[in-house]
Amino acid sequence: MAEQQLPERQSPLEPDYHPGSHGNFEHGVDVILSETRPGSILQLAAWPGEEKRLIEIIRKVTGLTLPDGAGGGTSSGARAVFGFAPGKFTVVDEAEGLAAAFAGVITPAIGTLTDLSHGRTAIRIAGPKAEWVMAKFFAIDFALPAFPLGAGRSTNHHDIFAQIQRTGADQFDIYVFRSFARSFWKALCHASEEVGYEVQ
Amino acid sequence: MLITCPYCGPRDVIEFTYQGDGNRERPQPASQDLDAWNAYVYDRLNPAGDHNEIWQHSGGCRAHLRVVRNTITHEILSTAFARGGHKAEGRS
Ligand SMILES: [Zn+2]
């Protein structure tokens, strides 16, 4: 896709995205907030009984092997995948064009592919207090045994639907609707003030 | 009140939407049986106790669930995916 003249994608967070240290950071920065801006964010869904075939397609196209179980997932740095609902998966790639790679192989008999690259905003929270800040936002268990590395969760914050993947022991990637992303971002910044945060 | 989604695990009730009485039997769309339609739309058991219900995990995985809830204590006795039949083991 690199040879195409693609318009530069603007961030919905831009007016409220202020790199630097903020809040109560005199004693150290305990969370780092950033927008990861992946080129591709896809939603894949398998028809009943076709889940295993779809998981195999995901493995062939991305090289990522989904672990068994509800909400299982994995990430490789540039690419990430996780289950967010029965038979449904979010697949993310730093590069654009992942939808084209799936388009020919997810046949109508297997399931569906929805390209949400322009419809979602990806926000990363990392650092020793990431779990603490997330726990103020979402009523789910963020402890590592309950929310293992790579796993995904579907939940919401005041009616803003969010998909969350744990991409590190103290790091989470949050996918929210682009139209709600700035509001969510501002709330996340406010919630991070008490621990001291840095926007990268 | 917590509802344990078969996919997501225990979640606060705020993530769920009540979809109605799980005991209803919807007549075939072409049915002209007015009594059957009347029963589907209006007749409810309204038990004081275990009740079959349909809920959607609308603030999570969005799956439709069949839930048995005690209407007196709000205890959730069982949850399962609605796919595969809506009748649960509560009083019907
Ligand atoms: Zn669920």
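The values are calculated or read from the model by the stated rules, or taken from the named source; none is laboratory data. Keep in mind that what you see is a predicted model, and the values were worked out from it rather than measured. No Cβ is skipped: glycine too gets one built from the backbone with ideal geometry, and neighbour counts run over all protein chains shown. Areas reflect the complete protein model, heavy atoms only, side chains present, ligands, DNA and RNA absent. Shrake-Rupley method; radii C 1.70, N 1.55, O 1.52, S 1.80 Å.
List of remarks:
- Under Stokes-Einstein, with the Kirkwood radius over Cα pairs as Rh, the value for region A:42-138 at 4 °C and 1.567 mPa s is 90 µm²/s.
- Only Lys, Arg (+1) and Asp, Glu (-1) charged, at Cβ; chain B dipole about Cα centre in debye: 260
- A straight chain from A:GLU26 to A:ALA95 at 0.36 nm per residue would run longer than the Cα-Cα distance by 21.1 nm.
- Pairwise burial A:B, computed as accessible area of each alone minus the pair, summed, 1.4 Å, Å²: 1000
- Rounded percent of accessible protein surface that carbon and sulfur make up, chain A, 1.4 Å probe: 52
- In region A:150-187, comparing the full protein assembly with the chain on its own, the residues that lose 40 Å² or more of accessible surface at a 1.4 Å probe are A:SER154, A:ASN156.
- In this view, the solvent-accessible surface of B:THR73, computed with a 1.4 Å probe and all protein chains in place, comes to about 90 Å².
- The charge dipole of chain A, taken about its Cα centre with unit charges on the Cβ atoms of Lys, Arg (+1), Asp and Glu (-1) only, comes to about 520 debye.
- Over region A:150-200: Rg over Rh, Cα atoms, Kirkwood Rh: 0.97
- 18 Å Cα-Cα reach of A:LYS60 towards aspartates and glutamates, excluding residues that sit fewer than 8 places from it in its own chain: A:GLU50, A:GLU51, A:ASP68, A:ASP93, A:GLU94, A:GLU96
- Heavy-atom surface of the protein assembly as shown, accessible at 1.4 Å and reported per residue (Å²): 52
- Sorted largest first, the spans of the alpha carbon positions of chain A along the three principal axes are 56, 43, 29 Å.
- Burial here means at least 30 square angstrom less accessible surface with every protein chain in place than with the chain by itself, probed at 1.4 Å; in region B:5-36 the buried residues are B:TYR7, B:ARG11, B:GLU15.
- By the rule of a second cysteine Cβ within less than 4.7 angstrom, the protein assembly as shown holds isolated cysteines at A:CYS189, B:CYS61.
- By the Cα gyration tensor, chain B has an equivalent ellipsoid whose semi-axes, rounded to whole angstrom, run 25, 16, 10 from largest to smallest.
- Taking every protein chain into account, the 1.4 Å probe leaves A:PHE180 with about 90 Å² of accessible area, to the nearest ten.
- Positive-end ranking of A:ALA135, A:SER11, A:GLY119 along the dipole of chain A, with charges on Cβ about the Cα centre, is headed by A:GLY119.
- Student exercise, region A:39-116 dipole from Lys, Arg, Asp, Glu Cβ charges, in Debye to nearest 20: 160
- Chain A - mean residue ellipticity at 222 nm from DSSP helices (-39,500 (n - 2.57) per run, n ≥ 4, rounded to 500): -5500 deg cm²/dmol
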